[in-house]
Amino acid sequence: MDKIAMLLSSSLVYQAGGLVVGILVFSSLVIWILAKTPLAPHTQELKARVQSWWIMAVFFFSAILVNPKITIGFFGLMSFWALKEYITIIDTRRADHRALLWAFLCIPIQYYWVLSKWYLMFLIFIPVYMFLFIPLRLVLVEETQGFLAATSKIQWGMWAFVFSISHMAYLSVMPKIGATLASGQSLLLFLVIVTQANDVLQFIWGKSFGRHKILPKVSPNKTSEGFWGGTLSTAFLSLFLRFLTPFSVVECLFFAYCIAIAGFFGDLVMAAVKRDAGVKDYGQMIPGHGGVLDRLNSLCYTAPIFFHQMAYFYY
Amino acid sequence: MRKIIRIIFFQLFIRPLLVFFVGVRVSGRENIPLNGSFIIAANHSSHLDTLVLMNLLPVKQLNRIRPVAAADYFMRNPIIYFLSCLFFNIIPIERIKISRGNNPLEVLLAALNRGENLIMFPEGTRCKDLESGEFHSGIAHVAEQLPQVCVVPVYLANMNRALPKGEIFLVPFICEVHIGHPLWLKGTKEEKMKVLKDEILKLKGNAKW
């Protein structure tokens, strides 16, 4: 019986994978056609972006499909790369060295709680124990100059890139919901596809119709046309992904809209972090996108919110 | 035997550590000469520097590259000396008590004449920033004696954040390596060192961090 349930839920992964491959084939075709027109010089960046999407999709779906341990390890690696990019761009003091080492050490520990499904520990380890431990470790160095700033920077990094990202890993090990085919795994797909679609749609709407800037000091590309067009079209397009979830149509629109709003603000908050650190993007890991963090920034906000909505309403 | 141990150590341990854990980004790798003698001259802020620079070279060249190291530091303890010779193939040179018998220049020229290449840190010790450190003239002396040897300027960024002086644990910061065009230094000793320092400062301008 378990075998059949597993097969059925992995058939959801294949369907979602097919959908994503379809979208990517379509985008590649559009760019291929555009490259034959006079618009060709403008397609270079788009081409790099879509190529990276292909690679990211392959990695993500393989990580989800192979087995749950690989999924958890995959998000652990994402946390590692994101935290590394984050501490590289911010200012750190020589005195922060050991505390930063502990911030990295808490990645395997946090993902171990996921692996062992110790829910309470997963929830409190970083917000309680590490929150108290980081200032404790910093105080041992006896460097009070910049103490509070260093503490908050490290805590924020651990929260956003370890705690928050690990919610996706925990979602992937959540069980099947009632009589539906949906499971934590398919909800994770819903969350990730909707979040990334929201990023792309906001970009497309903003580029095509963007006039009125919102918060230009933080992110010059964000426009109210991009915001409304992006969030609303994300919510409607999410109806195509309803097969991954136990949602009714209204619920699906509601949760997708929450993801769209959270993703928008996640993006803005990370843009402010980058601006504070004085860089444009987090690195050159992914051609056309910047670093791993540039892809994860919306998920830092959407993952914990969607996870706790699901935990409240469905588990 | 030592050569095999060194190659295994680099391929199995150092390379994965630098590529996947630290995340070292290299620009200008094509500027490293494939044949002919060269000296790699870089700024020095961390023990990581030597590992990163040795790792830039293809495996075949690994046993031909010799980091020039301070005898007073690396020979202070026989175990450290043994390990740094085994894994990193260092050339210890005297920094403090220089005499006719242990003239560092002779040792370096002999190594270059044997067909080995050198890694040198003209600052002479690990410095926090490039601007304040005075360049020592060792490289100029070598270039004077062997004008056919070229000097490859390299700027290493963020190494001292990943592994600062006096720290034994590595924290993964993304590090950058900027390799400049090879130089054949001309002019007086001071002119030579000034050209080299200016080149490294220019590379620093390209660094992101």
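The values are calculated or read from the model by the stated rules, or taken from the named source; none is laboratory data. The structure displayed is predicted, hence computed values, not measured ones. Here the Cβ is made from the backbone with ideal geometry for all residues, glycine too, and neighbour counts use every protein chain on show. For accessibility, only protein heavy atoms count, side chains too; no ligands or nucleic acids. Shrake-Rupley method; radii C 1.70, N 1.55, O 1.52, S 1.80 Å.
Each label was represented as a point 7 Å from its Cα along the Cα-to-Cβ direction; for A:ASN221 and B:SER137 these points are 5.3 nm apart. Across peptide B:166-176, the mean count of Cβ atoms from other chains lying within 10 Å of each residue's own Cβ comes to 5. Could you tell me which trypsin sites (Lys or Arg not before Pro) in segment B:54-124 are loop residues by DSSP with no more than 16 other beta carbons within 10 angstrom of their beta carbon? Taking segment B:54-124 and a limit of 16 other Cβ atoms within 10 Å, the loop trypsin sites (Lys or Arg not before Pro) found are B:ARG76, B:ARG95, B:LYS97, B:ARG100, B:ARG114. Amide H contacts for B:ASN89 (H built 1.01 Å from N in the peptide plane; partners 5 or more residues away or on another chain; cut-off under 5 Å): none found. Amide H to amide H under 5 Å from B:ASN117: which residues, 5+ apart in sequence or cross-chain, H placed 1.01 Å off N in plane? Amide H neighbours of B:ASN117, under 5 Å, 5+ apart: B:ILE65, B:ARG66.
Between A:GLN51 and A:GLU143, the simple label model (points 7 Å from Cα in the Cβ direction) yields a spacing of 4.1 nm. Between A:VAL249 and B:ASP129, the simple label model (points 7 Å from Cα in the Cβ direction) yields a spacing of 6.4 nm. Beta-bridge orientation, the protein assembly as shown: approximately 30 percent antiparallel, per DSSP, counting only bridges with both partners inside. Within the listed set B:LEU34, B:LEU183, B:LEU105, the residue fluctuating most in the Gaussian network model of chain B (springs between alpha-carbon atoms under 10 angstrom) is B:LEU34.
Got a sec? What order do A:GLU45, A:GLU142, B:GLU176, B:GLU190 fall in by accessible area at 1.4 Å, biggest, i.e. largest, first?
Numbers: A:GLU45 95, A:GLU142 160, B:GLU176 10, B:GLU190 125 Å².
Putting A:GLU45, A:GLU142, B:GLU176, B:GLU190 in descending order of accessible area: A:GLU142, B:GLU190, A:GLU45, B:GLU176.
List the pairs from B:LYS3/B:LYS197; B:LYS3/B:LYS208; A:LYS274/B:LYS194; A:LYS217/B:LYS208 whose alpha-carbon separation is above 30 Å, in the order I gave them. Pairs exceeding 30 Å: B:LYS3/B:LYS197; B:LYS3/B:LYS208; A:LYS274/B:LYS194. For the protein assembly as shown, the mean projected area of the C-alpha convex hull, equal to one quarter of the hull surface, is 29.9 nm². If R0 is taken as 41 Å, the Cβ-Cβ distance between A:ALA272 and B:LYS194 corresponds to a FRET efficiency of 0.45. Ranked by solvent-accessible area (1.4 Å probe, protein heavy atoms only, all chains present), the residues A:TYR14, A:TYR111 order from largest to smallest as A:TYR14, A:TYR111. The distance separating the Cα centre of segment A:178-238 from that of segment A:44-77 comes to 19 Å.
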